[in-house]
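Here the structure comes first, spelled out in structure tokens, and everything after it is commentary.
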Amino acid sequence: MTQTRKCIYIWAANVSQSTNNLASYIWSLADLLRGDFKQSQYGRIILPFTLLRRLECVLEAHKEDVLAEAARIENLGLPEEAKEKLLLRASTLSFFNTSKMDLSSLGASGIKDNLESYIQSFSRDAREIFEHFKFGEFIAQLSDANLLYKAVQQVKGADLRPEVISNHDMGLVFEELIRRFAEGSNETAGEHFTPRDIVDLTTSLVFMEDDDGLTKDGIIRTIYDPTAGTGGFLSAGMEYVLQLNPDAVMRAYGQELNPESYAICKADMLIKGQDVTNIKLGNTLSQDQLVSDQFDYMLSNPPFGVDWKKIEKDIKDENTIKGFDGRFGPGLPRVSDGSLLFLMHLISKLRDTDKGGGRIGIILNGSPLFTGGAGSGESEIRRHILESDLLEAIVALPTDMFYNTGISTYVWVLTNKKDPSRKGKVQLINGTDLYSKMRKSLGSKRKWMDEGDIATITRCFGAFEPVEAKTLDKPVDAKSNRGRQADTPKAETPKTFAAKIFATHEFGYRRLTIERPLRESYQFSDDRIANLRFAPRPLTALSEWIYDSYGKDWDEDGSDYGVLTAQEVEIRTHIKAEFPELKEKQIKDVLDPKTWRDQLAILQTARVLQTEIGTDQHDDMNGFDKVLKATGVALDATAKKQITAAVSWKNPKAEKVIKKVHKNTAANPLYGLFAVDGQVMEYKPDGDLRDNENVPLEPSQPVNALNETYFLAEVAPHVPDAWIDAGKVDAIDGGIGIVGYEIPFNRHFYTYTPPRDLAEIDAELDAVSAEIMALLQEVHV
């Protein structure tokens, strides 16, 4: 790896002793808060106080200029927006403060009012940060606890002047404070804070392919995170570039839903000298506030498995109205998981290739890899990504890496400017065993990736070569020693690392619908036609209960047949307990005498047919209509449908049911046209026997030839009467079968472990049995 390909690995490596000491000093304010505030509240006080002190120190050099300008324009009658522009020009910064006070001059008397006035004197963007922290509420609580003056005195002791600590180092200090805040409230930390080891890995994967370009003079790059959280990804991306090229200009953009996380992120960016107007508050999916922007680099850790039902209308409207001109043209995932919506949002933000293109790093759970069959929204999204050749690599991470979940997670790397060697290919890297156990868990986070683990993945990614499974020099995870231990413990599976490279089409398949003929018999037996007395589903079971309970004595020729007026209350009580799914209209239908009389009429018609046709079983349904017609009994559509359903059933030994006899059409049994006795027959398909076959995509072969070869080899030998449904065609390419895409990551890296020898297992069982018998004998002695 060249010098320019060195990656930022671990947070601890970036924090110098001096910045770490400064962070520790600032966090020591927690000692003052302990007892009066919860641990999870420390950060909500310490972070805004740190921001306040840093802003004060940065403004110090131009404070007099700002005060003079404020006095000059005070009585000019200018609108607030114009005043703010003039004051920003006077401060030469992206913020200002028009108060004559500072933390040193607030005084002990009236400190609460003075501090609130001081904060209100900041420019709008800075003031908004304190509002989202709800800092005013904490100021009041500190004042009530008689701690406000002491807190201010301690905070003002931190020397945060730019000449003492640079924007970069101050950013590192602030990130360390954010990290401590997240650890202190780790029950919710995962909602806004991505562990630093994951941030470093993802950042390295996204930026390393552009290292050579990033070292050039005068470069300007943009970085974006649509789920910015506390700004960890934005900070890491800027650090990476500035480490390679201190003169590079990095512009950060982001949007965050949670107001508190937004405030932290905005404060971090303000401390780093960024234009904080590029950091937005709101829902990225339904209210994209950077709608026309495109970016060079994008990093994101969207929430796992969170539904988007609240914004369903907005998303569906954009998909329907804008199509591919919007963000969600390829399709929509199921409402229960919005991860792929964020991925499509990022893809829409890729800078155009003629302007240099863009790169994406996003952390997702396992669902986007394989959820959804051919034709589903998820599959169509994967199809768009792979057929557009946007996916560069997927890295499987160890479990237990995040604060609020222990599930399997993956880093997806995408770009619209692939290196020629990567075009048409996708790299899968299995890093699930690259971890070390943490001494103390932080929520669900029990593992972390050290510098060597991250280097292993980034080198593999950069080399772009397959790696056969190799054993890692990693200690075996400690097992619990509680309970009885086996005499022959299960052999430990070695920890391995591997990588594979696939052509994009290898993740695709074409789902063929395989049909088989319907075979039915019919018989006008007493038992079969008796069911015609009862209303069709969903009222059949209820009708049977009503008849058994109240209708046994009904006279089929009497006027009271089906009258249930006297029993309605009891029946409704039973319905409420046993059939709560029924609607009021359905309940009224089953209580209506007309419903019962209509069913009785159908039953009596079936009895007449029984007299004419007999009670024998017939195994050829093709002559059924002719037999009915020969009886001379008039049947309306409803009666015929119900009688047919009652007296017929599927029988694998019966004759195939003919749907149509084709004329002037050539037989083609592969597609359901069979030559029988000089005629071409098309049979009715049996829905219960319908199946699907996934045929791997192979662009070098015609669709039909590939489908037919597969069918003849894998289907026809087992079910000779089956055929391919030619009516199921893909909406995009028009070929028979629906195209689908999935990335079965675990299947590609599965290693078969043969079971133990039976003789060994028998010997072990004999030994255990002997031990049990010996113990039983001791009990009986």
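Rounded, prolate or oblate, given the Cα gyration tensor of the stretch 151-291, with a/c below 1.5 counting as rounded?
Verdict is oblate for the stretch 151-291.
Provide the convex hull volume over Cα atoms per residue for the stretch 583-660, in Å³.
Values: hull volume 10.2 nm³, N = 78.
Dividing the Cα hull volume of the stretch 583-660 by its residue count gives 131 Å³.
Loop sites only, by DSSP: take the chymotrypsin sites (Phe, Trp or Tyr not before Pro) in the chain that have at most 11 other C-beta atoms within 10 Å and name the longest stretch containing none of them.
1-749
With a Förster radius of 41 Å, plug the Cβ-Cβ distance of A541 and K313 into 1/(1 + (r/R0)^6) and report the FRET value to the nearest 0.05. Intermediate results must be reported in sequence, preceding the final value.
Numbers: r = 38 Å, r/R0 = 0.92.
Result of the calculation: an efficiency of 0.60.
Using the Kirkwood formula over every pair of different C-alpha atoms, what hydrodynamic radius in Å results for the stretch 1-185?
17.9 Å
Based on the alpha-carbon gyration tensor of the stretch 435-481, what equivalent-ellipsoid semi-axes (square roots of 5 times the eigenvalues) come out, in whole Å, largest first?
After diagonalising the Cα gyration tensor, the semi-axes are 26, 14, 8 Å.
In Å and on Cα atoms, what radius of gyration and Dmax does the stretch 502-593 show?
In order Rg, Dmax, the Cα atoms of the stretch 502-593 give 22.4, 76 Å.
Compute the Rg to Rh ratio over the stretch 520-655 from the alpha carbon atoms, using the Kirkwood formula for Rh, and round to two decimal places. Write down the numbers at each step before the final one.
Details: Rg = 16.6 Å, Rh = 16.2 Å.
The Rg/Rh ratio comes out at 1.02.
Roughly speaking, what is the stretch gain from E84 to K112, that is 0.36 nm per residue apart minus the C-alpha to C-alpha distance, in nm to one decimal?
Extra length from E84 to K112 when fully extended: 7.5 nm.
First obtain the Kirkwood hydrodynamic radius of the stretch 285-365 from its Cα pairs, then insert it into the Stokes-Einstein equation at 37 °C and 0.692 mPa s, and state the resulting D in µm² per second as a whole number.
My calculation gives 248 µm²/s for D.
Each residue of the stretch 767-774 in order: what ³J(HN,Hα) in whole Hz does its phi give by Karplus 6.51 cos²θ - 1.76 cosθ + 1.60, θ = phi - 60°, with x for Gly and Pro?
These are the phi-based 3J(HN,Hα) values: 5, 5, 4, 4, 5, 5, 4, 5 Hz.
May I ask for log10 I(q)/I(0) of the stretch 321-397 at q = 0.23 Å⁻¹, from a Debye sum over the Cα atoms as equal point scatterers with solvent left out?
-1.22
Pull up all non-local amide H partners of R511: gap of 5 or more, or a different chain, and H-to-H distance under 5 Å with H placed in the peptide plane.
The answer is V695, I738, V739, G740.
Hey, how much of the P(r) for the stretch 331-374 falls beyond 13 Å, as a percent of Cα pairs?
Of the Cα pairs, 60 percent sit more than 13 Å apart.
To the nearest 10 degrees, how steep is helix 111-120 against the longest Cα principal axis of the chain, on a 0 to 90 scale?
So the inclination is approximately 70 degrees.
If you wrap the stretch 251-399's Cα atoms in a convex hull and average its projection over all directions, what's the area in nm²?
The directionally averaged projection comes out at 9.9 nm².
Starting from the Cα gyration tensor of the stretch 391-445, take the square roots of the eigenvalues, sort them a ≥ b ≥ c, and report rounded, prolate or oblate (rounded when a/c is under 1.5, otherwise prolate if a/b is larger than b/c, else oblate).
prolate
How long, wide and thick is the stretch 368-417, going by the Cα atoms along their three principal axes, in whole angstroms, largest first?
Each principal axis gives a Cα extent; for the stretch 368-417 these are 33, 28, 13 Å.
Let me have the relative contact order for the chain, percent, based on Cα pairs under 8 Å that are six or more residues apart.
10 percent
Quick check: convex hull of the Cα atoms in the stretch 641-781, volume per residue, rounded to a whole Å³?
Normalising the Cα hull of the stretch 641-781 by residue number yields 321 Å³.
Tell me, what HN-Hα J-couplings in whole Hz come from the Karplus equation 6.51 cos²θ - 1.76 cosθ + 1.60 at θ = phi - 60° for each residue of the stretch 664-669, using x for Gly and Pro?
Working through the residues one at a time gives 6, 10, 6, 5, 8, x Hz.
Given that just one value was derived from the coordinates, which of (i) 66, 36, 32; (ii) 68, 31, 28; (iii) 49, 28, 24 is semi-axes √(5λ) of the Cα gyration tensor in Å?
Calculated semi-axes √(5λ) of the Cα gyration tensor in Å: the matching label is (i).
So if I average 1/r over every pair of distinct C-alpha atoms in the stretch 696-735 and take the inverse, what Kirkwood radius in Å does that give?
For the stretch 696-735, inverting the mean 1/r across all distinct Cα pairs yields 11.3 Å.
Since every read-out is calculated from the coordinates, none of them should be taken as a lab result. Because the structure is predicted, anything quoted here is derived from the model rather than measured. When we count neighbours, we look across all protein chains shown, and the Cβ atoms used for this are built from the backbone with ideal geometry, even at glycine.
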